[in-house]
Amino acid sequence: MKRLAALVLVAAVVPAFVPGTAGAGQARGWTTATWSASPHRQSADLGPNWGVDGFDNHTVRQVVRVSAGGPALRVRLSNAYGSTPLRVGGATVARAGDGAAVRPGTVRNLAFDGKRSVVVPAGRDVVTDLAVLPVSPLEKLTVTLYLPEKTGPATGHTFAAATSYRAAGDHRSDTAAAAFGETTEAWYYLSGVETVDPAPRRDVVVAFGDSITDGAGSTMNGDNRYPDELAERLRGKRPVVNAGIGGNRVTNDSPCFGERATARFDRDALAQPGVRTVILLEGINDIGFSDFDFVCAKPNPAVTAADLIAGYRELIRKAHAKHVRVVGATLLPYKGAMYFSDRGEGVRDEVNAWIRTSGEFDAVVDFDRVTADPADRDSLLPAYDSGDHLHPSDAGYRAMAAAVDLSTL
């Protein structure tokens, strides 16, 4: 009965949509972002990574947790950093089981303009046709891609805080986990999941930032990143999507951690279907990587508070031009972190004072005050420290989500 009701609803909605052609993905009807991962170039400098060499006759199964539900969905794939066209031999979506297994009876083939396969041009993306799979808020799904040919270096998202699985050959429709003998902790090609919104709204919250938004230090597969915890507070009343990239900066690009925030903001935040509000938490890497000798931090000029404030102002202008609100988040304490310095602490204090008092953001969430140790305000509270003095623990991420005033969203 539930599937029949979904079919009836989707039958009424589908004619309003333009099919998901490569590089297009525009809709005259309404879909809403419910999950995202910001794509970036993969790098061997961060350790072993399937994406550096790419895939060849492999099936990749990836697990995601949506923030809001709907009667049908579609999936976005990105070849933004591919040097050659990407051939996807087939793809499925299903409700997740344990590990690489999926729930029997829930596997749906994904189509691209009605076809089971697609070629995604280099530098472009593709959106699938709608698939009738009713999903509930906070439900876990798997997206499985069969990649029959050599792909070359893959577009991906390095720090997933989630396990992905690989099998040799075509196993896109397998419900069992047996074939998926390899694992990693990254996502590849998968950049978004959207659900049909029967009552069109603009209420998506985009959490935009670096590794603290990406969830570094949280429990693997626990969905304990602060955007996940915020989604749990909202319980599907509005979607929350994650646009964090570990190591990302506001003012400088990185060969490992993606383009600077001011360059990727339009794609990763403002282009999210249904976006209403962006929570901006970024800048600690600009401060910490200043003069820090690490290949992934190059270039690494000494960034000042004025540099960061100029970057924030550019992001605010971009958002307001699209009628999107921006909530400014203060930078968390980082004393004891690998790149802490007294100079950097002075910059952080100056930046946080501006965020709190400038009035240029539509609202402010003070993550600094929430997570700081009362005995040493430059340090994370020990209970909120994952152990590296930079990234919060699960408890710290929960405290961050709890600090967001829902009325500001």
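The values are calculated or read from the model by the stated rules, or taken from the named source; none is laboratory data. Remember, predicted model here, so these are calculated numbers, not experimental data. Positions of Cβ are generated from backbone atoms using ideal geometry, with glycine treated the same way; all protein chains shown enter the neighbour counts.
Within the range 234-246, is even one residue modelled with pLDDT of 95 or more and part of a helix (DSSP H, G or I)? Yes; the residues of the range 234-246 include at least one that is modelled with pLDDT of 95 or more and part of a helix (DSSP H, G or I).
Between 47, 69, the distinction of being closer than 26 Å to residue 131 by Cα, surrounded by fewer than 23 Cβ atoms within 10 Å (Cβ to Cβ) and among the small types (Gly, Ala, Ser) belongs to 69 only. Note on the range 112-158: residues that are of a type in the set (Lys, Arg), in a loop (DSSP other than H, G, I, E, B) and under 23 Å from residue 95 (Cβ atoms) total 1. Between 56, 45, the distinction of being in contact (Cβ under 8 Å) with a residue 60 or more places away in the chain, more than 18 Å from residue 189 (Cβ to Cβ) and either among the acidic types (Asp, Glu) or part of a loop (DSSP other than H, G, I, E, B) (or both) belongs to 45 only. Selection of the range 69-91 for residues being farther than 24 Å from residue 158 by Cβ and in a strand (DSSP E or B) yields 70, 73, 74, 90. All conditions but one from (1) farther than 18 Å from residue 284 by Cα; (2) outside any helix (DSSP H, G or I); (3) small (Gly, Ala, Ser); (4) in contact (Cβ under 8 Å) with a residue 12 or more places away in the chain apply to residue 395; the one that does not is (2).
When you check residue 86 against the structure, is it buried (at least 16 other Cβ atoms within 10 Å of the Cβ) and within 23 Å of residue 195 (Cα to Cα), yes or no? Considered against the rule, which asks whether it is buried (at least 16 other Cβ atoms within 10 Å of the Cβ) and within 23 Å of residue 195 (Cα to Cα), residue 86 comes out as no. Taken as a whole, the structure places residue 264 among residues that are surrounded by fewer than 24 Cβ atoms within 10 Å (Cβ to Cβ), touching a residue at least 12 places away in the same chain (Cβ under 8 Å) and not assigned by TED's automatic domain parsing to the domain that holds residue 136.
Note on the range 160-199: residues that are under 19 Å from the mean Cα position of the chain (by Cα) and not in a strand (DSSP E or B) amount to 7.
None of 359, 336 is under 19 Å from residue 280 (Cβ atoms), in a loop (DSSP other than H, G, I, E, B), in the same structural domain as residue 262 (by TED's automatic domain parsing) and over 21 Å from the mean Cα position of the chain (by Cα) except 359.
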